[in-house]
1. Please give the FRET efficiency for W73 paired with W48, using the beta carbon to beta carbon distance and R0 = 22 Å, rounded to the nearest 0.05.
2. Of the GluC sites (Glu not before Pro) in region 29-99, which ones lie in a loop per DSSP and count no more than 14 other C-beta atoms within 10 Å?
3. For labels at R37 and Y21 in the simple 7 Å Cα→Cβ model, what's the distance in nm?
4. Solvent-accessible area of L61, probe 1.4 Å, all protein chains present, reported in Å² to the nearest ten, please.
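The values are calculated or read from the model by the stated rules, or taken from the named source; none is laboratory data. Small disclaimer: the values here were computed from a predicted structure and weren't measured. All Cβ positions, glycine included, derive from the backbone under ideal geometry; neighbour counts span all protein chains shown. We work out accessible area using only protein heavy atoms, side chains counted, and drop any ligands, DNA or RNA first. Shrake-Rupley method; radii C 1.70, N 1.55, O 1.52, S 1.80 Å.
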Amino acid sequence: MSLPEHMEKVGSKGDPITAPYVMTRVCMAAPLVGEERAWSMPFGLLCWMTDSNVEAQGGELKFAPDDATLIEWDEQAKQAEETGRRLLAERQGKAFPNG
């Protein structure tokens, strides 16, 4: 069972839902797959399906990036920092210390 991970959206103030969590998920999925399938599908699939549908409909939901994306973002941040240091050194008329 794999449940989707989410990132918090800045400024999001979603109203808390007080209904039982599983019931809410089933109610969200029933129009998509029917009530019987919504109750019988694996819980992870139910969560992925309903969360994906919320995002597709423009809801305030943002999936957390996978490990490969996090590594790519980290590398991009390092490259940007390196470029920033070089530009600053050039503007200050100094040679860049590491090359």
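1. Once rounded, the FRET efficiency stands at 0.45.
2. The qualifying sites are E60.
3. About 2.5 nm, to one decimal.
4. Using a 1.4 Å probe on the heavy atoms, I get roughly 30 Å².
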